[in-house]
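Colleague: Let me give you the structure first, and then I'll get to my questions.
Every number here is computed from the coordinates shown, using simple stated rules; none is lab data. A quick note: this is a predicted structure, and the numbers were derived from the prediction, not measured. Heads up, the Cβs are rebuilt from the backbone with ideal geometry, glycines too, and the neighbour counts pull from every protein chain shown.
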Amino acid sequence: VAAIDREAVLLTRTASRTRAGEGPLEVIGDLVNDVAAARRRVGDDRLVGIGLSAPGPVDPSAGVVLQAPNLRGWDNVPLADELRRRTGLPVWLGNDANLAALGEARFGAGRGSRNLIYLTISTGVGGGVIADGRLLLGSRGLAAEVGHMAISMDGPRCGCGNRGCLEAYASGTGLVNRAREAIAEGRASSLAVEDGPLTPAGIAETAEHGDPLAQELLSAAGCALGVGIRSLLHLFNPSVIVIGGGVSQVGPRLWDPMLEVVRGDAMSAYREGLRIIPSELGDDSGLVGAAVLAFDAVDGSP
Ligand SMILES: [Zn+2]
């Protein structure tokens with residue numbers, strides 16, 4: 001929870017662990033307490049309302065969290081109404097990756113861009129699309145799930161149930177699953193003998209030590225990202241693609257194959273003036289985007 005001004009300066013900020021196993025009432029109660037603490041610090045006279053970023057599919061116009069994948073009991077929770085009732089402030093809700101796109105487009109790596117795509121590569125792959133200056137929402141606010149773009153017709157199974165999604169190749173979960181499969185098929189790799197659970201960071205480190213399987217996995221993830229970005233270029237013709245999330249910090253072993261696929265394959269007109277760059281706001285991109293959402297609602301979006 002942060003109090004943020006119109007120039008995206010964080011005036012106060014608190015972080016507390018989400019009590020994911022407790023259910024919506026407890027989590028909303030914690031939110032209300034943190035909001036009250038922020039209000040005491042900045043004073044009510046400057047507050048215009050609450051911008052709220054939530055994971056998973058949300059219905060932004062109804063202010064409802066449809067599902068929250070890692071939180072227990074979050075099905076069709078009217079989060080905006082509940083928070084409005086308990087704080088007396090207007091509340092605007094958005095999907096976290098969508099709002100991160102808004103934050104990066106207005107105050108982050110894509111400042112000033114009217115056509116931007118944000119990709120976050122972490123446990124899953126999420127994203128947001130700013131098209132002609134506006135956040136693309138779709139008919140129910142579910143647009144821009146870039147992680148579930150099909151990269152192949154018969155690829156690995158994704159958490160969503162389909163096959164060949166970008167997320168199945170390039171997310172942290174996908175990387176670990178692909179590593180497990182290769183090891184089960186008998187591939188020799190120090191990933192097979194290392195202590196502890198397989199993690200994206202462990203795969204990145206093992207690749208640095210020269211392990212061919214770990215290097216192949218990162219390269220395949222980078223290529224899948226490149227193929228996904230190629231589709232996004234042709235669909236939306238962005239001038240900036242911003243990439244964030246923990247797995248994106250693996251560095252050149254992921255970025256180089258990705259950039260190579262984009263440079264090698266995409267029709268050249270789509271690459272003119274195109275920048276593919278890391279996130280500038282990092283963990284704060286969603287927080288800043290939530291503030292932009294609220295200010296745009298109050299001021300009228302540009
Ligand atoms: Zn999927």
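Colleague: So if R0 is 25 Å, what FRET efficiency would S190 and D256 give, r being the distance between their Cβ atoms, rounded to the nearest 0.05?
Modeller: Approximately 0.70, to the nearest 0.05.
Colleague: Let me ask something else about it. In the chain, what percentage of the DSSP-assigned beta bridges are antiparallel, given to the nearest 5?
Modeller: Antiparallel bridges: around 55 percent, rounded to the nearest 5.
Colleague: Per DSSP helix of 4 or more residues, -39500 (n - 2.57); summed, then divided by the residues of the chain. What does that give at 222 nm, rounded to the nearest 500?
Modeller: Counting only the DSSP helices, I get -13000 deg cm²/dmol.
Colleague: Any idea which of A294, V261, P278 is furthest toward the positive side of the dipole for region 226-302, if Lys and Arg beta-carbons carry +1 and Asp and Glu beta-carbons -1?
Modeller: The Cα lying farthest towards the positive end belongs to V261.
Colleague: What is the gain in length, in nm to one decimal, between N115 and A36 on full extension, counting 0.36 nm per residue of separation less the C-alpha to C-alpha distance?
Modeller: Between N115 and A36, full extension yields an extra 24.8 nm.
Colleague: Then there's this: Using amide H atoms built 1.01 Å from N in the peptide plane, name the residues 5+ places from G244, or on other chains, whose amide H lies under 5 Å from its own.
Modeller: Residues meeting the amide H criterion: L119, T120, I121, S279.
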